Ligand code: ADP
Ligand code: ZN
Ligand code: ZN
């Protein structure tokens, strides 16, 4: 028997698989082996078994060892598909599906056999606290074991991830929820399109329950665990230890144990961010992608997979149902999946308890404050959503519109979104016009006043705040624009309620995000200010005001997704306000008050937005009507990067495919970059052609110093 093994090395491109002798070894596709490879020993994954090989018998060697944990065979197939689909390598794709490092933590557990015998006082004491862990008394217990008085066995200790607690409230489904659930149970893939608070999570929970009842496993994908603790908590509240959590903030031991519980079938529901799509679940019956519009589903490094696309493949591969849910679904999802609608917010009325940490004193049971009467400005539309007002900032002198000021002062609990961190977005000399730029990237440095530095948001370069212009010596340095740090400063001057700032600068410590959110949740009055992090799926029932500052910031990016992003950001923020019985309202400050995406968001008109956006995409032949593949070349000088991109452009000749570029991108981390985009109606052929062309360019001597990156379906 021959085992075909892919070595798990990312150092260079090897075209595996390689054949090894497997006689007498219990190897299967998915087995993880240590293999002699040239002069080294490498880890590898068995991708298939064969009867014969071209390797001469005297050269054929066997793996040196085999790991106990294995990759489920369907995940081996998934990884090999992913390697092709994203122009990656089998090694890199397989590395993602292999078990996390580590092993089970075991301890000795002693139980009395019921036999009796003569005991010393000490031994009697010992016997009295059994059954229990042996601990430091193992030696003494071993002597009793030898006399047949106790048995000692090995047990596994589960390292349990820290989680939030919430109470489980089941509901009789509304007619719309029941219809959606019936459609999901009937099979296939569905988009669950419903405003925030319309009861989508309750539908996922019921669909998961139905899958478990059929003996099937479930995967639930969420954007970022720290930002969506409620969804996780609700799954755990309903299904207990059947739920395993998979995310990057777990310790190595926790991650291993959660993986192992899924692999053995002890846990049947995996909840986690994008990588949870690779959870080792057998007989998978349902995959849920919550907040399917979220950009975090796309992986940034090689392989640049999109968990939504991988989820669709995995559902197809295993015959599982697929449900993607969102209040602001992507145009491509609306176009390609069957839509189920939840038209209005579920009216709950009942006060809800806030989420608290399980290890917080007194948990659970902190009562939400805010007993005072609601400000008169709150309101509710027939669909339960808060009314949205657009504030024209074209003539504005201050960061906050007077109406925004008044509303913030009148509201006990508010959320303010400004998608830009720091104090000022750039500095310039009033005398000679010099602008402070990153020495390594072609971008402006952002002022962070609290840290006394100006920083590059792309590479992390930092320098002290300039006191004078180093070009002309002038002391007049102008600060332009406002970020979250500056707005926080302004708000502190006008408010005496606590202000919670949520952005990358305030949340570097472990658990900072959930702790900050929990504090805002528990506060009777307060203001949550931050970047797009504040618009994610939080559920704060007592927030009556939502504010978006500089709503057109996302529109200024030259990207075909600019409208989609702008709409989603405003609509999601609007979804955070007015969830409780008091209702609420939303203010949107913008210099583009007529932009269709902003108007549509203000009207909560997601159908209208999607209709127009799909028409625009069709007219310009953008996804979902064509596929995009992006190739970026980079080097320490412009010329090799440009030449390499040109060489690739000349090589890829695919019918029904348009080439855009190569065009220069801004310099990043001391590297000049060029980008080539393929717009294609022949996805498979184009991916293949790009893979071949990039590999050839990478082997070309003249491009030795050039780095290549391929991004299929860039976001
Ligand atoms: P979404 O996921 O769409 O934001 P949720 O499922 O979180 O919506 O529902 C919003 C709130 O309404 C939650 O507090 C939930 O417990 C409650 N809820 C959901 N379905 C019902 C129902 N059928 N009847 C009453 N309350 C419900
Ligand atoms: Zn100057
Ligand atoms: Zn930089």
- Query: With respect to the numbered conditions (1) in contact with a helix residue (DSSP H, G or I) (Cβ under 9 Å, 6 or more places away or on another chain); (2) at pLDDT below 95, which one is the sole condition not fulfilled by residue 629?
  - Reply: (2)
- Message: Step by step: first the residues of the stretch 445-454, then only those that are surrounded by fewer than 19 Cβ atoms within 10 Å (Cβ to Cβ) and assigned to a loop (DSSP other than H, G, I, E, B), then the one that is farthest from ligand 2 (Cβ to nearest atom). Which residue is that?
- Response: 450
- Message: Looking only at the stretch 190-237, count every residue that is part of a helix (DSSP H, G or I) and either in contact with a strand residue (DSSP E or B) (Cβ under 6 Å, 6 or more places away or on another chain) or within 13 Å of ligand 1 (Cβ to nearest atom) (or both) and tell me the total.
- Response: 19
- Pairs only if they're at least six apart or on different chains, beta carbon under 8 angstrom, first in the stretch 441-461 and on the phi > 0 side of the Ramachandran plot, second assigned to a loop (DSSP other than H, G, I, E, B) and more than 16 Å from ligand 1 (Cβ to nearest atom); list them, first residue then second. 452/465
- Would you point out which residue out of 258, 252 is farther than 28 Å from residue 573 by Cβ and buried (at least 21 other Cβ atoms within 10 Å of the Cβ)? 258
- Task: Would you point out which residue out of 428, 414 is part of a strand (DSSP E or B), away from ligand 2 (no atom under 16 Å from the Cβ) and touching a strand residue (DSSP E or B) at 6+ places or on another chain (Cβ under 6 Å)?
- Result: 414
- Message: Where the second residue is within 16 Å of ligand 1 (Cβ to nearest atom) and assigned to a strand (DSSP E or B) and the first is without any contact (Cβ under 8 Å) to a residue 24 or more places away in the chain and under 15 Å from residue 430 (Cβ atoms) and lies in the stretch 468-497, which pairs have Cβ atoms under 6 Å and are six or more apart or on separate chains?
- Response: none
- Task: Kindly list the number of the only condition in (1) surrounded by fewer than 17 Cβ atoms within 10 Å (Cβ to Cβ); (2) at negative phi; (3) assigned to a loop (DSSP other than H, G, I, E, B) that fails for residue 114.
- Result: (2)
- Considering only helices (runs of 4 or more DSSP H) fully contained in the stretch 570-683, which possess at least 3 residues that are within 28 Å of the chain's Cα centre (by Cα) and in the same structural domain as residue 554 (by TED's automatic domain parsing)? 596-602, 606-620
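The values are calculated or read from the model by the stated rules, or taken from the named source; none is laboratory data. Predicted model, so just to flag it, every value in this text is computed and none were measured. Because the Cβ atoms are built from the backbone with ideal geometry, glycine has one as well, and the counts that use them run over all protein chains shown.
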